[in-house]
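Since the structure comes first, as structure tokens, the remarks are kept for the end.
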Amino acid sequence: MGLVRFLRELQTAVGVRGEVAVLLASDMTLRKLNRQFRGKDKATDVLSFPPSCMGGAQHGGDVAISFETARRQADEHGHELDEELRILMLHGLLHLAGMDHETDEGEMAERETKLRKKLKLPSGLIARVHERGHGRIREVAR
């Protein structure tokens with residue numbers, strides 16, 4: 001299944017309505033976006049931008065993914081790049097649906113795990129961080 005079709009099916013599964021734009025960009029671009037919208041001067045793998053009131057009901061939000069980081073993470077975790085892009089899209093769409101692992105009580109991690117298993121995806125972002133014993137990861141850009 002192609003990434004566009006996967007995105008549409010994922011939107012239905014997550015409950016995000018409207019058009020969702022996915023930007024595949026460089027680490028440098030994600031660093032700039034992260035600095036501009038989150039005040040963090042570092043590259044990251046995925047950022048989510050909920051729809052603004054100006055976007056109208058037709059817009060479901062935007063997801064920005066670092067292609068370079070996705071490639072590195074795919075290599076690190078022993079799976080294909082397209083699988084890593086799907087994992088990052090899932091994480092980003094859960095944020096667009098209003099979930100936030102930084103502030104919830106594990107609901108986003110649970111939902112990500114269920115969807116990841118249903119979609120036959122390898123370990124998700126939240127699970128990876130917990131497996132390594134690190135703190136929290138990725139936020140929704142505001």
Practice problem: Assign one of three labels to the stretch 1-78, namely rounded, prolate or oblate, based on the Cα gyration tensor with a ≥ b ≥ c the square roots of its eigenvalues; rounded applies when a/c is under 1.5, prolate when it is not and a/b is larger than b/c, and oblate otherwise. | Solution: oblate
Self-check item: Spatially proximal lysines relative to residue 42 (Cα-Cα < 28 Å; intrachain offsets below 8 disregarded)
Solution: 32
Self-check item: Under 13 Å, Cβ to Cβ, from residue 18 - net charge with Lys/Arg +1 and Asp/Glu -1
Solution: 0
Quiz item: Can you give the % of DSSP beta bridges in the stretch 3-132 that are antiparallel, to the nearest 5?
Solution: 35
Quiz prompt | Cα-based reach from residue 114 at 19 Å (exclusive), listing aspartates and glutamates while leaving out same-chain residues under 8 positions away | solution = 9, 83, 84, 100, 102, 104, 105, 131
Quiz item: Under the classification rounded if a/c is under 1.5, otherwise prolate if a/b is larger than b/c and oblate if not, where does the stretch 3-132 fall, given a ≥ b ≥ c as square roots of the Cα gyration tensor eigenvalues?
Solution: rounded
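Each value in this text was obtained by applying a stated rule to the coordinates, not by laboratory testing. Since the structure is predicted, the reported quantities are computational estimates derived from the model, not experimental observations. Note: ideal-geometry Cβ built from the backbone for every residue, glycine included; neighbour counts use all protein chains shown.
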